[in-house]
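Coordinate-derived values only; no laboratory data. This one's a predicted model, so the numbers in the text were calculated from it and none came from an experiment. Every residue, glycine as well, gets a Cβ built from its backbone with ideal geometry; the counts of neighbours run over all protein chains shown.
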Ligand SMILES: [Zn+2]
């Protein structure tokens, strides 16, 4: 199994979440470079999808708070 951690706070996602209430957020953070700027595309999926967690640019966030903080942070 792959180990998934929150891209904001670094907490580890349990392999078998004990309660459905603990819903992680899956999204994509993709940077596209153009000659004079880097454009950042931030998108979030409606719900977690195990088949897509390792896709290119995928980000994993443990809660709404981390999602908000990640969104506010400048691109690395
Ligand atoms: Zn987090």
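Below are the figures for this structure:
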quantity	calculated
Burial ranking of peptide ranges 7-15, 42-50, 60-68 (average Cβ count within 10 Å, highest at the top)	60-68, 7-15, 42-50
Estimated distance in nm for a label pair at residue 31 and residue 49, the labels positioned 7 Å out from Cα along Cα-to-Cβ	2.5 nm
Extended-chain gain in nm, criterion 0.36 nm per residue less alpha-carbon gap, residue 38 and residue 64	6.8 nm
Coordinate range along principal axes, alpha carbons of the chain, Å, largest first	47, 24, 21
